[in-house]
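Encoded as structure tokens, the structure appears first; notes follow it.
The values are calculated or read from the model by the stated rules, or taken from the named source; none is laboratory data. Because the structure is predicted, anything quoted here is derived from the model rather than measured. Ideal geometry is used to build each Cβ from the backbone, glycine not excepted, and the neighbour counts take in all protein chains shown. To get the accessible areas, we keep the full protein, side chains included, count just its heavy atoms, and leave off ligands, DNA and RNA. Shrake-Rupley method; radii C 1.70, N 1.55, O 1.52, S 1.80 Å.
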Amino acid sequence: MSRWQRLPLAHFGVAVAAFGVAASMAVMQAMSRANLSLPARSEQIYYLSVTAHGVLMALVFTTFFIMGLGYVVARTALAQPVPGPGLAWISYTVALAGTLLTTGAILAGHSSVLYTFYPPLQAHPTFYIGLALVIVGSWGWCAVMILSHLSWRRTHPQAAVPLAMHGMMTTVIVWCLCTVAVAVEVVGMLIPWSLGWIKTVDPVLARTLFWFFGHPLVYFWLLPAYVVWYTILPREAGGKLFSDSLGRVVFVLFILLSTPVGFHHQFMDPGIHAGWKLFHTINTYAILFPSFVTAFTIVASLEVAGRMRGGQGLFGWVAKLPWGEPLFTAVVLSMLAFTLGGFGGAINAAFGMNAMIHNTAWVQGHFHLTVGTAVALTFMGASYWLLPRLTGRGLRFAAFAQVQPWLWFAGMMLFSISNHITGLLGMPRRIYEAGYQGAAQAATWAPWTAISAAGGIILFVSAMSYVLVVVGTVLWGPRLAAVPEIAYAEPLEPPSGGRTVWDRFGLWTVLAIVLIVLAYGYPLYSLVTMHRYGSPGVTGF
Ligand code: HEM
Ligand SMILES: [Cu+2]
């Protein structure tokens with residue numbers, strides 16, 4: 001293995017470790033909610049576990065995987081060394097130290113604040129300090145990615161940046177814009193408060209800053225998955241990308257629309273005028289559009305692949321696709337789950353229907369389809385593709401890699417559909433036992449929570465199969481005589497000309513900032529200056 005592969009592999013190592021631990025906790029959670037007796041089952045353990053699971057899955061597994069993938073793309077799509085390897089390794093170390101601090105704080109038992117860490121729930125200062133370090137580390141990654149792009153641009157002033165790097169750059173921009181808000185929340189409010197330096201914090205302001213970050217966070221997860229869908233999947237399916245320019249338009253729309261939508265998580269919060277919630281709702285429906293375009297482009301690319309493989313007729317091409325390839329099945333099943341998640345998302349985004357499902361098990365059913373499957377299963381599929389290319393070793397226990405995506409999909413259908421149903425039946429999310437001490441309402445939930453627990457067990461088997469293949473490949477994978485190359489899909493039509501307006505990241509970033517100021521400027525100003533009776537709100541105002 002030459003040297004550059006170590007950096008992404010080190011990132012994937014942390015990601016897979018976090019995933020393995022979080023998946024082991026998840027199966028206990030799913031069983032606990034079905035009232036199955038487990039050793040040491042208690043409220044305290046449940047909330048500790050859900051906090052660790054949420055943080056390790058949603059913040060650590062994703063972020064480290066994305067950073068690793070970013071380095072792979074910067075190195076291979078741009079065909080040049082990644083500049084600033086020192087900075088990259090320091091950033092990795094800082095983010096890893098932060099992860100250990102935060103995880104330690106949770107496991108020590110005094111930081112069960114869930115991954116949204118809403119005040120007035122208060123964690124130990126090391127929980128917040130660790131999170132701040134993870135963010136600082138990720139900013140270092142952003143800097144290296146931006147430097148990579150700039151140095152490539154200097155030698156290719158008129159060329160269109162390769163689509164994979166285009167997608168990673170939009171990921172970087174979305175992340176830089178949104179992490180500012182969570183940094184202000186954590187460093188300006190929660191750390192001083194947890195240390196006792198300030199007496200109070202304003203929960204509505206904290207939640208607003210959190211969701212300023214929290215919605216774009218989902219695109220930070222999703223865009224790298226889209227990079228895999230657009231630039232790796234079509235080639236692995238044996239075909240070509242249906243349209244390169246549509247991909248660029250999609251990525252740019254995410255720069256613009258990822259952030260000014262956060263109030264759709266705060267429909268039920270007081271202190272924010274309904275007019276602002278409406279504005280964010282309109283933007284939310286606008287951001288469904290690039291995902292529709294993606295569904296069209298990727299399915300069209302798959303049809304191209306099926307026909308290039310000799311498929312005939314209206315649907316004959318489907319059978320010709322490489323259903324035995326783990327990357328292919330993982331990504332296609334991810335997309336299927338995302339379609340279902342998208343239906344649910346459109347419901348969540350509508351004020352009236354949101355009132356029906358808010359804080360119910362529906363919500364956890366929803367995001368396990370989106371981040372828990374569309375993103376996570378894509379990353380698992382991408383691991384099967386990347387590992388031989390990065391380590392020079394063939395997949396170990398390859399049969400597990402083949403069945404694992406199917407198991408994940410089956411388990412997730414049981415888990416997610418049952419949670420959507422119990423949500424509609426009124427079961428809250430984030431509860432330790434769904435029996436509700438024998439309440440009549442809870443009796444209707446029981447068959448569904450049992451199905452959800454069965455789904456959880458299948459998911460656990462799938463998760464462990466993934467970990468087994470990854471660890472087995474790295475340690476005992478057979479050395480490959482010819483290491484397959486990391487190559488990206490070609491578009492069906494060669495892109496006409498060079499650099500276009502879709503490559504002007506500076507312009508789109510400025511426009512995104514304008515939209516953010518429009519969507520958040522006044523609401524934040526009014527929250528900060530609002531006079532509160534009997535509650536001091538933000539210290540100093
Ligand atoms: C191994 C399969 C998985 C199972 C069985 C599972 C199960 C669960 C359960 C039972 C909960 C607690 C729900 C509650 O009480 O409200 C939960 C929460 C959560 N899960 Fe998973 N999960 C799995 C995988 C994932 C993945 C892959 C992700 C993301 C990459 C993820 C992200 C989350 C998040 C963000 C929460 C919310 C925590 C909170 O409410 O603070 N999960 N999961
Ligand atoms: Cu959202």
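Data for the structure
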quantity: Tally of residues being hydrophobic (A, V, I, L, M, F, W, C) and out of contact with any Ser or Thr (no Cβ under 9 Å at 6 or more places or on another chain) across the stretch 254-276; calculated: 4
quantity: The stretch 55-76 - residue that is surrounded by 22 or more Cβ atoms within 10 Å (Cβ to Cβ) and not hydrophobic (A, V, I, L, M, F, W, C) and, of those, nearest to ligand 1 (Cβ to nearest atom); calculated: Thr62
quantity: Boolean, Ala79 is open to solvent by 30 Å² or more (accessible area, probe 1.4 Å), assigned to a loop (DSSP other than H, G, I, E, B) and either of a type in the set (D, E, K, R) or modelled with pLDDT of 95 or more (or both); calculated: yes
quantity: Helices (runs of 4 or more DSSP H) fully within the stretch 314-389 counting 2 or more residues that are open to solvent by 40 Å² or more (accessible area, probe 1.4 Å), within 24 Å of Ile451 (Cβ to Cβ) and more than 15 Å from ligand 2 (Cβ to nearest atom); calculated: 326-348
quantity: Matching option when the condition is within 25 Å of Ser91 (Cβ to Cβ), open to solvent by 20 Å² or more (accessible area, probe 1.4 Å), outside any loop (DSSP other than H, G, I, E, B) and within 16 Å of ligand 2 (Cβ to nearest atom), among Leu222, Leu177; calculated: Leu177
quantity: Subset of the stretch 98-115 that is more than 11 Å from ligand 1 (Cβ to nearest atom), more than 21 Å from the chain's Cα centre (by Cα) and open to solvent by 10 Å² or more (accessible area, probe 1.4 Å) - its residue that is modelled with the lowest pLDDT; calculated: His110
quantity: Scope the stretch 405-455; condition open to solvent by 20 Å² or more (accessible area, probe 1.4 Å), hydroxyl-bearing (Ser, Thr, Tyr) and within 13 Å of ligand 1 (Cβ to nearest atom); matching residues; calculated: Tyr432
quantity: Qualifying positions in the stretch 466-514 - within 24 Å of the chain's Cα centre (by Cα), in a loop (DSSP other than H, G, I, E, B) and of a type outside the set (A, V, I, L, M, F, W, C); calculated: Tyr488
quantity: Where a residue in the stretch 210-223 is small (Gly, Ala, Ser) and its partner, wherever it lies, is in a helix (DSSP H, G or I) and away from ligand 1 (no atom under 11 Å from the Cβ), with Cβ under 7 Å and at least six apart; calculated: Gly214/Gly262; Gly214/His265
quantity: Pairs where the first residue, in the stretch 59-70, is within 16 Å of ligand 2 (Cβ to nearest atom) and the second is outside any helix (DSSP H, G or I), C-beta under 8 Å, 6+ apart; calculated: Leu59/Tyr115
quantity: Long-range neighbours under 8 Å by Cβ, at least six apart or interchain, first residue under 22 Å from Ser462 (Cβ atoms) within the stretch 406-426, second open to solvent by 60 Å² or more (accessible area, probe 1.4 Å) and not in a helix (DSSP H, G or I); calculated: none
quantity: The stretch 296-333, residues that are β-branched (Val, Ile, Thr) and more than 20 Å from Met380 (Cα to Cα); calculated: Thr297, Val299, Val304, Val318
quantity: Inter-residue pairs, beta-carbon under 6 Å, first aromatic (Phe, Trp, Tyr) and in the stretch 333-362, second buried (at least 18 other Cβ atoms within 10 Å of the Cβ) and assigned to a helix (DSSP H, G or I), 6+ apart; calculated: Phe338/Ala374; Trp362/His420; Trp362/Gly423
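Residues checked against (1) surrounded by 17 or more Cβ atoms within 10 Å (Cβ to Cβ); (2) within 15 Å of ligand 1 (Cβ to nearest atom); (3) charged (D, E, K, R):
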{"position": "Val187", "(1), (2), (3)": "no, no, no"}
{"position": "Leu190", "(1), (2), (3)": "yes, no, no"}
{"position": "Trp193", "(1), (2), (3)": "yes, no, no"}
{"position": "Gly196", "(1), (2), (3)": "no, no, no"}
{"position": "Lys199", "(1), (2), (3)": "no, no, yes"}
{"position": "Asp202", "(1), (2), (3)": "yes, no, yes"}
{"position": "Phe213", "(1), (2), (3)": "yes, yes, no"}
